[in-house]
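Some notes on the structure that comes next.
The values are calculated or read from the model by the stated rules, or taken from the named source; none is laboratory data. The structure presented is a predicted model; accordingly, all values stated were derived computationally and were not measured. We place every Cβ from the backbone using ideal geometry, glycine too, and count neighbours over all the protein chains shown. When the accessible area is computed, the model is the full protein with side chains, heavy atoms only, and any ligands, DNA or RNA have been set aside. Shrake-Rupley method; radii C 1.70, N 1.55, O 1.52, S 1.80 Å.
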Amino acid sequence: MTAPQKNWIEWSVFALGALLITFVVGFLVYESATIGNAPPDIRVQIGPAEPRTGYFAVPVETTNLGDQTAEGVHIEVTLKAGDKEETGDFDIAFLPRRGSREAWVTFKTDPRQGTLEARVLGYEKP
């Protein structure tokens, strides 16, 4: 009894599957070899304020440039406009290594008429 011959479709599917598996294994080996042990390095970038009905929304992008994940990241954004000062804050539950998240803070005063400052108040290492 002879084994049935494989046609070109079967060989193509086999080659594609082998190529994908090789790529995934190679990527995982590369990632594990190049990952460092640097603690979270969290950067905050404030975007332009957008007027909404009754308030102003400000986008805030938070990026972790470190090699470790940060959890429970607490960000504070302060608006100083003349003699007024408003503060908004938010939490990010999970900020992966080399990852970023976008959040929004709101103010009653127009942020375009003042100065915005953002800072990281704290975070946890899982």
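Some observations on this one:
- Between helix 8-34 and the chain: long-axis angle, C-alpha atoms, 0 to 90°, nearest 10: 50
- Comparing ASP91, ASP67, ASP83 in a Gaussian network model of the chain, where Cα atoms under 10 Å apart are tied by springs, the biggest mean-square fluctuation is seen for ASP83.
- Computed about its Cα centre, the charge dipole of region 4-126 is approximately 300 debye, with only Lys, Arg, Asp and Glu carrying charge at their Cβ.
- For region 75-82, the Karplus equation 6.51 cos²θ - 1.76 cosθ + 1.60, evaluated at θ = phi - 60°, returns couplings of 10, 10, 10, 10, 10, 10, 10, x Hz by residue, with Gly and Pro reported as x.
- Put GLU31, GLU10 in order of accessible area, highest first, and with a 1.4 Å probe you get GLU10, GLU31.
- The chain - percent relative contact order, Cα under 8 Å, separation 6 or more: 26
- Taking other residues whose beta carbon is less than 13 angstrom from the beta carbon of LEU121, and scoring Lys, Arg as +1 and Asp, Glu as -1, yields -4.
- Note on the chain: GNM, Cα springs under 10 Å; of PRO48, PRO111, PRO40, the largest mean-square fluctuation is that of PRO48.
- Local electrostatic count at GLN68 - Lys and Arg +1, Asp and Glu -1, tallied over other residues with Cβ under 13 Å: -1
- Around ILE42: net Lys/Arg minus Asp/Glu count, Cβ-Cβ under 13 Å: -1
- Dipole orientation for region 1-104: of the candidates PRO51, ALA3, THR69, ALA3 has the Cα lying most toward the positive pole (charges on Cβ; Lys, Arg +1; Asp, Glu -1).
- Mean-square fluctuations from a GNM of the chain, with a 10 angstrom spring cutoff on Cα atoms, peak among ALA70, ALA18, ALA103 at ALA18.
- Surface composition of region 15-74: carbon and sulfur atoms hold 66% of the protein heavy-atom accessible area at a 1.4 Å probe.
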